[in-house]
1. Suppose we filter GLU91, GLU79 for residues that are under 22 Å from LEU53 (Cβ atoms), in contact with a Ser or Thr (Cβ under 9 Å, 6 or more places away or on another chain), modelled with pLDDT of 75 or more and acidic (Asp, Glu); which single one remains?
2. Taking only pairs six or more apart or across chains, which ones have beta-carbon atoms under 6 Å, a first residue in the stretch 84-109 that is more than 21 Å from LYS135 (Cα to Cα), and a second residue that is assigned to a loop (DSSP other than H, G, I, E, B) and at pLDDT below 85?
3. Does GLY109 fit the bill of being buried (at least 17 other Cβ atoms within 10 Å of the Cβ), modelled with pLDDT under 95 and either of a type in the set (Ser, Thr, Tyr) or in contact with a Gly (Cβ under 9 Å, 6 or more places away or on another chain) (or both)?
4. Somewhere in the stretch 94-113, is a residue under 27 Å from MET29 (Cβ atoms), among the charged types (D, E, K, R) and within 13 Å of the ligand (Cβ to nearest atom)?
5. Would you check which residues across the stretch 30-60 are of a type in the set (Asp, Glu) and more than 16 Å from the ligand (Cβ to nearest atom) and list them?
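The values are calculated or read from the model by the stated rules, or taken from the named source; none is laboratory data. Just so you know, these numbers come straight off a predicted model, no measurement behind them. FYI the Cβ positions are ideal-geometry reconstructions off the backbone, even for glycines, and counts take in every protein chain you see. Please note that ligands, DNA and RNA were not included when accessible areas were found on the heavy atoms of the full protein model with its side chains. Shrake-Rupley method; radii C 1.70, N 1.55, O 1.52, S 1.80 Å.
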Amino acid sequence: MTDQASGSGRALAFPPGLRAVGAAGAAFMSVLSVDDLPPGAMRRVTIGDLDVLVAHTASGIAAVDDRCPHMSAPLSLGELDGCIVACPLHEGRFDLATGDPVQMPTTGGLDAEGVYHPVWTPGGRHSRPDVPGRKAEARRLTRVRRLRYYPVRIVGGHIEVAVPQD
Ligand code: FES
């Protein structure tokens with residue numbers, strides 16, 4: 001994992017196994033000045049048809065899809081506290097240092113490992129069954145995947161991100 005320190009920022013060491021497919025050999029491109037992303041700030045950058053969240057977390061600068069793993073809301077409209085990004089839509093919270101959900105929404109669906117939960121519940125508690133019907137079916141079919149990370153490096157005061165190109 002790349003963890004390059006340079007200038008006034010450093011890249012977050014992203015979690016193993018969560019690098020976006022095709023990003024390994026992709027070319028880096030400058031997306032922001034480090035000065036435009038102070039600690040605690042988040043920005044959406046759009047590269048082609050890909051929306052990327054660039055976040056200056058307490059552990060470094062991370063680049064992930066700007067899509068909540070729950071139902072695709074733009075995380076860039078949420079809030080960043082340390083390494084925890086809070087989704088603006090259903091109170092989901094995700095740790096950018098680990099890629100794990102800290103709090104999943106109570107609307108049910110698949111968790112980060114693809115296990116379906118009728119209604120999210122804290123560990124150790126039983127979940128309530130869904131009332132059968134179209135909503136329950138929609139929740140069951142809602143696909144949640146883990147955050148996908150893009151390599152980041154800091155060069156000459158600029159944040160560079162590597163995203164797959166067609
Ligand atoms: S879309 Fe983010 S928590 Fe539901």
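1. Numbers: GLU79 fails: in contact with a Ser or Thr (Cβ under 9 Å, 6 or more places away or on another chain).
Answer to the selection: GLU91.
2. Going by the 6 Å Cβ cut-off, the qualifying pairs are GLY99/ARG146; PRO101/ALA112.
3. In short, no.
4. Looking for residues that are under 27 Å from MET29 (Cβ atoms), among the charged types (D, E, K, R) and within 13 Å of the ligand (Cβ to nearest atom), one finds none in the stretch 94-113, hence no.
5. The answer is ASP35, ASP36, ASP49.
Matching residues to (1) open to solvent by less than 30 Å² (accessible area, probe 1.4 Å); (2) at positive phi; (3) within 12 Å of the ligand (Cβ to nearest atom); (4) part of a strand (DSSP E or B):
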site	(1), (2), (3), (4)
ALA62	yes, no, no, yes
HIS70	yes, no, yes, no
ALA73	yes, no, yes, no
LEU89	no, no, yes, no
